[in-house]
Amino acid sequence: VFFSEFEISNNGYIDNTMCYNIATNKILPLFKNKNMTSVGIPAFIKDKMYYRITTLNFPDNSLSKQDAFISDLDGQNSTQAFDIGFPVVGRSDGRNIYAHDIPWSPYSKEKETQALTIYSIDGNTINSVPTGNFGRFQDVLPGGEYHIFLQQRDGEIFRLYSLDKHKMIAGEAVQWQLLFESTFEKMYPVISTRTD
């Protein structure tokens, strides 16, 4: 199990990537990072790990340097890899890397060019679909065998969209389809504990 330990320092933060070994019950550092450097969310494909080491400038959090690597699952035998960009969240479904442009950063691309782009482990672009019209509060989930999901919050409205993963991976033109919408009040009701 991989997770981050986050520590605030006087001149930024320290973000270490840790590994909990279920078989041994031991927690060991996978990446011990320097100040203002993080690995983010590694993407796992078969027996390989794709990760980016990102260093930001303090205090404005602008990009100083970013390098991408592919390694064994324990971080060993790493080789330089293609970079999916900044600011971008990279995820995986175990087969491909899903690079989603972050919409809320001061360093984000213009909304007209924000997208979800799928890459193979060797860096080839498989397909891309726009995400910029979904606002600042959105997240893409690679899903399972058949669908990719985009969740969006627009004020007090929550929406869930999907697209056909097989068509997307085949390189066909795809569009997000609304699955449902609901209000946050219905999804997360406030339960009163008053006993008048």
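Exposed loop sites are taken as GluC sites (Glu not before Pro) in a DSSP loop (any state but H, G, I, E or B) with at most 15 other beta carbon atoms within 10 Å; the longest stretch of the chain without one runs 1-109.
A full extension of the chain between Thr79 and Lys167 corresponds to an added length of 28.6 nm, given 0.36 nm per residue minus the alpha carbon distance. Maximal additional length on extending the Asp67-Glu185 stretch stands at 38.3 nm, based on 0.36 nm per residue less the C-alpha distance. Approximating the spin labels as points 7 Å out from Cα along Cα→Cβ, the Ile27-to-Ile45 distance works out to 3.1 nm. Taking a point 7 Å out from the Cα of Asn10 in the direction of its Cβ, the residues of the range 37-64 whose backbone N falls within less than 17 Å of it are 58-59.
Using the count of nearby Cβ atoms within 10 Å as a rough guide to exposure, how do His147, His100, His166 rank from fewest to most?
The order, fewest Cβ neighbours first, is His166, His147, His100.
Convex hull volume of the C-alpha atoms in the range 128-177, normalised per residue: 68 Å³. Largest first, the extents of the alpha carbon coordinates of the range 84-196 on the three principal axes equal 64, 33, 22 Å. Put simply, the C-alpha atoms of the chain give a gyration tensor, and the ellipsoid matching it has half-axes of 29, 24, 19 Å, longest first.
Springs between Cα atoms under 10 Å define the GNM used for the chain, and in it the highest mean-square fluctuation of Gln80, Gln114, Gln152 occurs at Gln80.
No lab work stands behind these numbers, since they all come straight from the coordinates. Quantities reported herein were computed from a predicted structural model and do not represent experimental measurements. A quick note on method: Cβ atoms are made from the backbone with ideal geometry, for glycine too, and the neighbour counts reach across all protein chains shown.
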